[in-house]
Amino acid sequence: MIDYITQIDFAVLDFIQQNLRSDFLDHVMVFLSLIGEGGFVWFLIALPMLFFKKSRVCGVVVILSMGASLLLGEFFLKNLIGRVRPCNINTEIEMLIERPKSFSFPSGHTSSSFASATTVFLWNKKCGVIALVLAFLIAFSRLYNYVHFPTDVLCGMLFGAFISLLCYHFVKRYKLDNKIENLRFSRRG
């Protein structure tokens, strides 16, 4: 069964390489992977949210869900499962980015992106749709750049969304949203 899934994964990756690669997309996909590294773009989106009462809770939950995704996905699941990346199996592929040293499953770029985008969507549907599109593009860049299998990305999407929902419901369940919203940033003289 796992061999069959891996065959399908490679078929999808090879289709992308043979039919979608172009100079323009090479640059775009490298950029998307770069801004998704370590949740960088999501942190940049969440940081200004912290300074406005209306968006503060969303910003805190974005950071919380990214952190949970990082801890559980990158440090636990990847090492537990130990799936080798496609670029380390098919070493003939021309790499656009440096070969990552960590394991493949689940995609960390994807899980942190979907954890963040799902959180934004839960608080603001219009902004959330834009965030989900960005998350999808970052996820696709991982396939395009041949560093993840489609099943890594799919599970990263589901894992990130699940983490977001857990964090969202945790904040709502314990009524932390009111406390977070009323936090004040003050300067000490």
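For the stretch 70-114, report the convex hull volume of the alpha-carbon atoms normalised per residue, in Å³, without decimals.
Hull volume normalised by residue count: 73 Å³.
Treat every Asp and Glu Cβ in the stretch 27-176 as -1 and every Lys and Arg Cβ as +1, leave all other atoms uncharged, and give the resulting dipole magnitude about the Cα centre to the nearest 20 debye. Kindly include the intermediate steps, with their values, before the conclusion.
Numbers: 14 positive and 6 negative charges, 171 e Å.
About 820 debye.
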Zero-based 10 Å bins, Cα pair distances in the stretch 27-176, whole percents
13, 43, 31, 11, 2, 0
Relative contact order for the stretch 23-99: what percent, with Cα pairs under 8 Å and sequence separation of 6 or more?
23 percent
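From Cα pairs below 8 angstrom and at least 6 apart in sequence, can you work out the relative contact order of the chain, rounded to a whole percent? Display every interim value, and only then the final one.
Details: 255 pairs, mean separation 53.3, N = 189.
Once normalised by length, the contact order is 28 percent.
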What does the charge add up to near Leu166, with Lys and Arg as +1, Asp and Glu as -1, over the other residues with Cβ less than 13 Å from its Cβ?
+2
Can you tell me the orientation of helix 150-173 relative to the chain, as the angle in degrees between its alpha-carbon axis and the longest Cα principal axis, to the nearest 10?
10 degrees
So, in Å, what gap is there between the alpha-carbon centers of the stretch 31-47 and the stretch 90-146?
10 Å
Mean Cβ count within 10 Å, highest first, over the residues of peptides 147-156, 166-175
147-156, 166-175
Say the dipole of the chain comes from +1 at the beta carbon of Lys and Arg and -1 at that of Asp and Glu; which of Phe24, Ala117, Ser107 then lies farthest toward its positive end?
Ala117
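Grab the other residues whose beta carbon is less than 15 angstrom from that of Asn79, score K and R as +1, D and E as -1, and report the net.
Value of the local net charge: +2.
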Please list 111-119, 61-69, 32-40 highest first by mean number of surrounding beta-carbon atoms within 10 Å per residue.
111-119, 61-69, 32-40
3J(HN,Hα) from dihedral phi, the stretch 4-19, Karplus parametrisation 6.51/-1.76/1.60, rounded to Hz, x for glycine, proline:
5, 4, 5, 4, 5, 4, 5, 4, 5, 4, 5, 4, 4, 5, 7, 10
Any idea what angle helix 108-123 forms with the longest principal axis of the chain, computed on alpha-carbon atoms, 0 to 90 degrees, nearest 10?
40 degrees
Acute angle (nearest 10 degrees) that the helix 125-144 long axis makes with the longest principal axis of the chain, alpha-carbon atoms
30 degrees
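Rule-based calculations on the coordinates, nothing more; no lab input. The structure presented is a predicted model; accordingly, all values stated were derived computationally and were not measured. No Cβ is skipped: glycine too gets one built from the backbone with ideal geometry, and neighbour counts run over all protein chains shown.
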